[in-house]
Number of protein chains: 2
Amino acid sequence: MINKLIKRIIELQNPTCVGLDTDFNYLPDEMREGVTNFKKAASAIYEFNKNIIDAVYVIVPSVKVQIAYYEKYGVDGLKAYKNTIDYARKKGLIVIADCKRNDIGSTASCYSTAYLGKTELGDKSLKAFPADMLTVNGYLGFDGIKPFVEDAKASKKAIFVLVKTSNPSSGELQNLKLENGKYIYEQMGELVKEWGKDSVGKYGYSRVGAVVGATHPKEAERLRKLLPHTFFLIPGYGAQGGSAEMLKVCFDKHGLGGVVNSSRGIICAYKNEKYAGLNYAAAARAACVDMQKDLLETIGKMGK
Amino acid sequence: MINKLIKRIIELQNPTCVGLDTDFNYLPDEMREGVTNFKKAASAIYEFNKNIIDAVYVIVPSVKVQIAYYEKYGVDGLKAYKNTIDYARKKGLIVIADCKRNDIGSTASCYSTAYLGKTELGDKSLKAFPADMLTVNGYLGFDGIKPFVEDAKASKKAIFVLVKTSNPSSGELQNLKLENGKYIYEQMGELVKEWGKDSVGKYGYSRVGAVVGATHPKEAERLRKLLPHTFFLIPGYGAQGGSAEMLKVCFDKHGLGGVVNSSRGIICAYKNEKYAGLNYAAAARAACVDMQKDLLETIGKMGK
């Protein structure tokens with residue numbers, strides 16, 4: 001799936017990921033009017049997502065769907081989550097389930113089944129929330145990551161492990177120095193490298209990727225050098241303050257190596273003066289076009 | 001809620017938490033027969049949980065519901081999750097949602113709303129998965145933890161941050177030594193102490209607790225000394241190999257300071273020869289009685 005994502009990035013000359021972190025409050029007034037229960041809120045969120053997807057799927061390779069924004073609307077919210085994943089995949093988008101799941105082995109295996117694998121019931125194999133890629137947190141070490149790595153291998157999917165996150169206090173733990181001279185984020189990076197070393201594909205990247213925030217260019221640069229075969233999921237562009245200039249260190253000499261997520265910058269573009277007069281779907285598309293231009297100008301042409 | 005949990009532990013002389021990590025495959029054959037879709041599987045899981053709860057709620061203070069086992073059964077599984085939480089709380093149990101959620105501030109805030117807070121829709125305040133306590137992962141640092149701390153304060157609930165987990169490879173990252181001489185798990189412990197310092201209640205414990213595995217007594221002992229006001233959620237007893245002897249270091253001189261979780265050891269007790277002839281609910285109850293006896297004998301009387 002990492003190969004498929006890279007292939008699509010090259011075809012479209014666009015390493016953008018649209019973040020469908022769709023809070024109900026991001027929707028236009030007319031879609032929110034009179035909504036006072038989870039079922040209606042979830043339907044409105046799904047409709048919004050569908051229209052965004054229809055507007056962008058021919059120009060971007062991937063979407064990232066942040067599950068927290070759906071859990072907030074209860075069981076109905078999770079139905080909208082599932083429907084959004086299914087619809088995006090039907091449109092040919094590569095779907096990253098952003099869930100940052102983590103637990104001990106037996107439990108991690110359940111999460112992995114839910115997002116990357118299949119649940120067996122009698123003679124049936126069913127899929128709970130079938131995404132193409134999943135974000136995970138590696139604080140528990142390898143036995144909590146192994147089920148995801150194995151399912152990703154079996155189903156030709158991929159995972160991204162949190163290494164250096166985009167938020168302001170990410171350094172509180174991640175930037176502490178170890179006795180061995182490495183920072184914690186580097187150590188986590190090296191674990192990710194080890195966990196993925198057997199799955200490096202034709203473009204030179206493994207199916208065990210890393211989350212590396214656009215907002216921390218110094219750390220991103222170190223990580224790119226340390227992890228030449230690790231594909232990066234790069235959040236933090238736009239609303240969080242990351243720029244193309246800051247994140248270009250994540251890319252190799254062929255303009256490959258990462259996918260850049262923007263959420264509010266795209267799905268809330270209709271609130272931005274720059275896109276005044278456009279509806280939310282058209283504004284999202286325009287913001288994607290601008291983001292592609294920005295990334296392409298800064299990173300350069302993608303592909304060997 | 002930490003005060004309420006401690007009060008209940010003293011009343012019952014029992015620091016047990018029943019882990020409802022209810023995999024469909026744990027159910028007796030007759031409950032699984034002919035089930036080939038998520039809806040029926042989820043109904044059977046909920047029925048199983050209800051019967052376990054009915055059998056144990058008068059003798060244990062709390063249950064921990066591990067969400068991975070429900071996500072595996074899709075949207076229907078999450079309905080069973082919600083129903084299980086609601087039923088357990090109706091029976092007076094203190095419910096720990098074991099979700100290990102983590103993300104950047106804006107997103108963490110959505111998770112927090114889902115489990116500890118309220119979702120506002122128009123003039124309505126709705127609750128998605130209303131638990132009493134939630135487990136979280138602190139790898140992202142304080143801005144990812146702050147929304148949980150604030151909601152826990154506003155709603156008189158509590159959180160448990162992963163510090164030293166019970167799984168075999170927890171040491172891969174957590175037991176690395178920092179330049180400052182501390183282990184990563186100790187550093188995380190000190191962050192937890194800091195995050196909870198303003199909320200120490202009448203029994204001497206804060207509403208920001210820590211997850212400390214029963215399987216690592218040396219680390220648990222260090223953490224108890226380092227964090228005298230941090231309440232521990234202690235997984236790993238029973239099926240994972242932790243014993244009362246190993247975990248007694250987590251408790252203070254009044255026999256307080258933690259709640260001990262057992263999942264498979266209780267909900268799958270009916271498969272254990274020791275409880276032969278009992279149905280799953282009766283076996284779960286018998287296993288709880290045995291666990292209480294074991295803990296009480298080893299830790300001693302609970303309360304000042």
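Every number here is computed from the coordinates shown, using simple stated rules; none is lab data. Just so it is clear, the structure is predicted and the values come from calculations on it, not from any experiment. Glycine gets a Cβ as well: all are built from the backbone with ideal geometry, and neighbour counts include every protein chain shown.
Data for the structure
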quantity	calculated
From phi via Karplus (6.51, -1.76, 1.60), per-residue ³J(HN,Hα) for the stretch B:170-182 in Hz, x at Gly/Pro	4, x, 3, 10, 4, 9, 6, 8, 8, 4, 7, x, 8
Choice from A:V249, A:V58, A:V136 showing the highest fluctuation, given a GNM over chain A with Cα pairs closer than 10 Å	A:V58
Table column - 3J(HN,Hα) (Hz), the stretch A:113-128, Karplus curve with 6.51, -1.76, 1.60, x for Gly and Pro	4, 5, 10, 10, x, 9, 9, 8, 9, x, 9, 9, 10, 10, 10, 7
Inter-copy separations for B:N51, label at 7 Å along Cα-Cβ, nm, ascending	4.9
Of A:S262, A:S169, A:S109, the one that fluctuates the most in a GNM where chain A has Cα springs shorter than 10 Å	A:S169
In nm, spacing of pseudo-spin labels at A:N51 and A:L278 (7 Å Cα→C-beta vector)	1.4 nm
Residue of A:V35, A:V60, A:V200 that the Gaussian network model of chain A assigns the largest fluctuation, springs spanning Cα pairs under 10 Å	A:V35
Length-normalised contact order of the stretch A:206-246 in % [C-alpha pairs under 8 Å, at least 6 apart]	52 percent
Efficiency of FRET from Cβ geometry, B:K202 and A:S125, R₀ 56 Å, rounded to 0.05	0.60
Relative contact order (%) - criterion: Cα under 8 Å, at least six apart; region: chain A	19 percent
Relative contact order (%) - criterion: Cα under 8 Å, at least six apart; region: the stretch B:151-304	18 percent
Cα centroid of the stretch A:203-254 to Cα centroid of the stretch B:41-88, whole Å	41 Å
Label distances, nm, A:S125 versus same residue in remaining copies, Cβ-directed 7 Å point	4.7
Estimated [θ] at 222 nm from DSSP helical runs (n ≥ 4, -39500 (n - 2.57)) normalised by residues in the protein assembly as shown, nearest 500	-12500 deg cm²/dmol
Gap separating the Cα centres of the stretch A:162-192 and the stretch B:256-304, nearest whole Å	40 Å
Rounded FRET efficiency, nearest 0.05, which uses the C-beta distance separating B:T36 from B:K146 and R0 of 35 Å	0.20
Estimated distance in nm for a label pair at B:E221 and A:K218, the labels positioned 7 Å out from Cα along Cα-to-Cβ	4.0 nm
Dipole magnitude of the protein assembly as shown, debye to nearest 20 (Cβ charges: Lys/Arg +1, Asp/Glu -1, about Cα centre)	20 debye
Note, ³J(HN,Hα) from phi for the stretch A:43-58, Karplus 6.51, -1.76, 1.60, rounded to Hz, x at Gly and Pro	4, 5, 4, 5, 4, 4, 4, 4, 5, 5, 4, 4, 7, 10, 5, 7
Cut-off under 5 Å, modelled amide H: who pairs with B:K177 long-range	A:E179
Per-copy distances of the B:D290 label point, shortest first, in nm (7 angstrom along Cα→Cβ)	6.6
5 angstrom amide H check on A:G19, placed H, neighbours 5+ away	A:K64, A:S262, A:S263
Residues with amide H under 5 Å from that of A:V163, placed H, sequence gap 5 or more	A:V211
Average beta carbon contacts from partner chains per residue of B:54-67, 10 Å cutoff	1
Principal semi-axes in Å for the protein assembly as shown [√(5λ), Cα gyration tensor, largest first]	39, 27, 23
